[in-house]
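The values are calculated or read from the model by the stated rules, or taken from the named source; none is laboratory data. Fair warning: this is a prediction, and the values are worked out from it, not measured in the lab. Every residue, glycine among them, receives a Cβ derived from its backbone with ideal geometry; neighbour counts consider all protein chains shown. Side chains included, ligands, DNA and RNA excluded: accessible areas come from the protein's heavy atoms. Shrake-Rupley method; radii C 1.70, N 1.55, O 1.52, S 1.80 Å.
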Amino acid sequence: MTSLGSAWKACWINLLFMISAYSLGRVCLEHLCGRRRGDVLLSMITGINIAALLSLSFAVTGVFRTMKPAYIIYLSLFPSALYIFRLVKNSSKNSLPKFRGEIIALLLLTLFFAGASLSMPIGWDEMVYHHSVVQRWITDGSPLFYPDIPYSAFPSANSFIYWMLTDSGTVIAPRLFLWVCWVISLLALMKISNIYGLSRGKSLLLAMAFATSQIMLLVVSDAYVEVILLMNTAGMLLSMAGASCARTSTEDDPIGTSVLFGIMAGGAGAIKLTGLILFAIPAAWFVNLLHLKKHDRAGLLRSAAIFTTVGMLVAAPFYIRPLTYTGNPLYPYFCEWFTDSPPRIAMSEFHHKIGSEKFGSRSLAIFFAAPLALSSNDNSFDGNFGWQFFLVLAIATAGIVFAKASASKLRVNRVGSAGKADDADMAGSETGPKERMMYMTAALALLFYIFWFFSAQQARFLIPAALTIYTGAGICITKMRKSLQTCMIGLLLMLTILSLPWKASGYYYYSWSQLLGMTRRIDFVNTGTGGDFLSSVDAVMHLTPENSKLMLIFEHRILYYPRRTVIGTPYFQEQFFTPSERFTKIDDIYAELEKSGADYLMVAMRPEGPDELPEYIEKHAEFAENLSQLIPTGQLVEIWRSKNHSLFKIRQSSQIKPK
């Protein structure tokens with residue numbers, strides 16, 4: 001367990017990476033986006049996205065085989081440090097952040113949750129593929145596709161950053177990296193609210209209400225990639241806020257903003273397929289500029305084309321990789337569009353159903369009731385945003401209604417007094433920057449919600465929509481009287497405290513406890529993985545030779561197994577036993593085991609993890625019964641058993657004596 005790295009090493013490599021990412025982003029803002037006074041947050045977000053693209057290019061061209069990725073971070077530190085030193089030397093005191101006290105307060109408030117991000121991976125997705133795939137890439141020196149781990153063909157821009165961070169010798173580094181992305185997102189939300197007039201203290205409370213919901217803490221502590229989607233969403237909203245309110249607005253020449261939008265939207269799309277919906281944020285911005293009727297239509301179309309081109313150039317390479325390996329850029333989804341292979345189509349159908357059928361349901365009543373369920377402790381959507389979300393949604397909705405009513409009243413008064421007004425004047429006078437941002441965030445939230453409702457109904461996939469709602473609500477609060485603002489923030493704080501996931505507090509305490517040496521790391525991982533999983537890891541370590549190969553069935557958490565390991569669960573992957581209906585005879589099952597080259601077989605007594613549906617539980621039970629036929633024949637020999645796992649030796653055909 002100690003060989004997988006330390007928390008201090010994770011802190012060190014993340015610090016170096018963030019310095020390099022900031023410098024890279026700052027150079028991009030200056031030279032590609034035309035921003036001489038680059039925003040710190042936008043610089044970091046931009047730099048992270050470009051670093052992911054560079055990491056992909058280094059990986060596929062073989063640079064990572066000849067030079068350790070960690071060395072690239074070390075080498076980039078020197079020019080980065082010199083560049084930052086020059087920036088600091090030439091900056092004035094006025095260029096420093098104006099709300100340093102609130103930033104420090106935010107960091108202190110989020111520090112309690114950082115303990116989980118400095119601990120060993122125990123999240124399901126981490127152990128199944130986020131870290132496991134990267135570990136294989138490091139071993140093989142190339143970002144290969146592994147048929148037994150279908151997620152190895154995800155676009156996964158995050159995995160290439162993980163490769164650079166993990167190569168330093170610690171699997172903890174990616175977890176801390178996502179914590180940093182989370183903090184960047186919260187700082188961006190604070191800054192957006194402050195740009196539109198919300199006080200610094202109230203901006204801090206609004207950000208913490210968003211940050212401490214059950215689902216937000218879950219995605220950070222278990223290192224879900226939705227944190228990176230959140231960061232890019234926050235970056236694009238911050239760019240919009242800065243452009244619409246700045247004295248020298250890029251609304252007059254939006255080409256620089258178009259490049260910036262393209263980098264962030266493309267970076268979001270490069271994470272996962274559903275991230276492509278975030279291209280709608282810049283699209284809403286250009287529609288807003290077009291509505292103002294103060295800009296040349298041809299110029300706006302040119303800027304929109306620049307944004308789209310840059311976005312596709314950033315995202316497309318991450319889809320070309322799975323296209324090259326599998327013939328399907330969307331793998332493991334929609335395989336029926338690209339192949340007639342029964343195993344591949346069966347696997348794809350399984351993953352599609354897991355995403356679309358396990359959580360939530362689709363009906364008109366659910367469409368309108370889901371926001372309430374997402375605010376309560378109801379777990380229909382695999383998480384919730386707390387009761388503060390319902391209040392924020394109500395504030396944002398009320399703000400839109402009142403803004404539209406005020407605009408209609410103003411229009412009537414103008415027409416009544418002037419007879420007829422110029423359309424362009426009316427468009428500009430009825431709505432200011434606040435109102436336009438409110439309308440854009442409302443439209444985006446509705447679009448994201450509809451997309452979520454008809455795709456995969458898990459709460460974490462709705463995080464970008466939640467951020468747009470919080471952004472709009474923050475603007476609405478600024479339009480209230482001071483006394484009403486205080487009441488709303490006070491009520492928001494009360495609901496936030498009421499909705500805190502208090503049951504998880506022991507987890508955060510336990511994480512800090514093992515970091516400080518008060519408890520053992522192995523005990524933390526053992527508790528976090530259910531109390532029985534590590535016993536199977538220990539059995540493999542002590543009962544199998546170092547050069548042996550292990551197959552897992554109904555158990556997918558391959559990260560900690562100390563042998564070459566493949567997953568053989570039917571339908572989860574296409575390489576072995578899929579579809580299981582084709583493997584009912586002893587000879588067929590045994591031939592598949594021999595083909596795998598596995599020496600040992602670890603079978604979970606029941607399918608582990610969240611990737612199960614009733615129809616597949618029945619199929620897996622039938623397969624397990626068929627697999628057990630190999631025990632009486634001596635082809636499988638049980639050498640260890642626990643409450644939840646059994647370890648078998650796969651005997652070669654030459655070792656089995658005929659009866």
Scattering profile of region 261-347 at q = 0.11, 0.18, 0.22, 0.26 Å⁻¹ [log10 I(q)/I(0), Debye over alpha-carbon scatterers]
-0.42, -0.79, -0.97, -1.15
Hey, what angle do you get for helix 586-596 against the long axis of the chain, alpha-carbon based, 0 to 90 degrees rounded to 10?
60
So how exposed is Arg297, as accessible area in Å² (1.4 Å probe, rounded to 10)?
150
Distance between the C-alpha centers of region 349-381 and region 493-555? Whole Å please.
28
Could you order the peptides 174-186, 347-359 from most to least packed, using the average number of other C-beta atoms within 10 Å per residue?
174-186, 347-359
Considering the dipole of region 126-278 built from charges on the beta carbon (Lys and Arg +1, Asp and Glu -1) around the Cα centre, which of Cys245, Leu218, Ser168 is farthest to its positive end?
Cys245
Per-selection metrics, region 318-373 (Cα): Rg and Dmax in Å:
15.5, 44
Heavy atoms only, probe 1.4 angstrom, no DNA, RNA or ligands counted: give me Phe389, Phe145 ranked by accessible area, highest first.
Phe145, Phe389
At 0.36 nm per residue, and after removing the present C-alpha to C-alpha distance, how many nm does the segment from Asn547 to Leu301 gain when stretched out fully?
82.6 nm
Alpha-carbon Debye profile of the chain, log10 I(q)/I(0) at 0.08 Å⁻¹
-0.63
Packing-wise, with mean Cβ within 10 Å as the measure, how do 265-273, 539-547 rank, highest first?
265-273, 539-547
Could you work out what % of the accessible surface of region 169-323 is carbon and sulfur, using a 1.4 angstrom probe and leaving DNA, RNA and ligands out of the count?
66
Quick check: net charge around Leu550, other residues with Cβ under 13 Å of its Cβ, Lys/Arg +1 and Asp/Glu -1?
+1
Exposure of Tyr439 as accessible area (Å², to 10), given a probe of 1.4 Å and all protein chains:
60
Charge tally for neighbours of Glu618 with beta carbon under 14 Å away, counting Lys, Arg as +1 and Asp, Glu as -1, is -2
Helix 69-90: inclination vs the chain longest Cα principal axis, degrees, rounded to 10, gives 20
Could you size up the charge dipole of the chain around its Cα centre, putting +1 on the beta carbon of Lys and Arg and -1 on that of Asp and Glu, and report it in debye to the nearest 20?
2440
Which value at 222 nm does the chain reach when only helices count, each DSSP H run of 4 or more adding -39,500 (n - 2.57), with the total divided by all residues and rounded to the nearest 500 deg cm²/dmol?
-20500 deg cm²/dmol
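Per 0.36 nm of contour for each residue apart, how much would the distance between Met67 and Ser406 grow if the chain were fully extended, relative to their Cα-Cα spacing?
On the way: separation 339, 0.36 × 339 = 122.04 nm, distance 6.19 nm.
Extra length from Met67 to Ser406 when fully extended: 115.8 nm.
May I ask for the net charge around Trp512, where only other residues with Cβ less than 15 Å from the Cβ of Trp512 are counted and Lys, Arg are +1 while Asp, Glu are -1?
Within the 15 Å Cβ shell, the charges total +2.
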Could you give the distance between the Cα centres of region 588-613 and region 149-186, to the whole Å?
28
With every protein chain present, what is the per residue accessible area of the chain (1.4 Å probe, Å²)?
42
Among the DSSP beta bridges whose two residues both lie in the chain, what percent are antiparallel, rounded to the nearest 5?
55
Mind grabbing the accessible area of Ile228 for me, 1.4 Å probe, Å², rounded to tens?
10
Out-of-range pairs (alpha-carbon distance over 20 Å; input Lys595/Lys649; Lys191/Lys404; Lys358/Lys585; Lys353/Lys619; Lys358/Lys503):
Lys191/Lys404; Lys358/Lys585; Lys358/Lys503
Roughly speaking, to the nearest percent, how much of region 21-85's 1.4 Å accessible area is carbon and sulfur?
70
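Once you have the Cα-Cα distance between Glu615 and Ala504, take 0.36 nm times their residue separation minus that, and quote the gain in nm to one decimal.
Extra length available between Glu615 and Ala504 comes to 36.8 nm.
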What is the spin-label model distance, in nm, from Cys245 to Ile138 if the labels are put 7 Å beyond Cα along the C-beta direction?
4.2
Taking Lys9 as the anchor, which aspartates and glutamates have their alpha carbon closer than 13 Å to its alpha carbon, excluding any fewer than eight residues away along the same chain?
Asp167
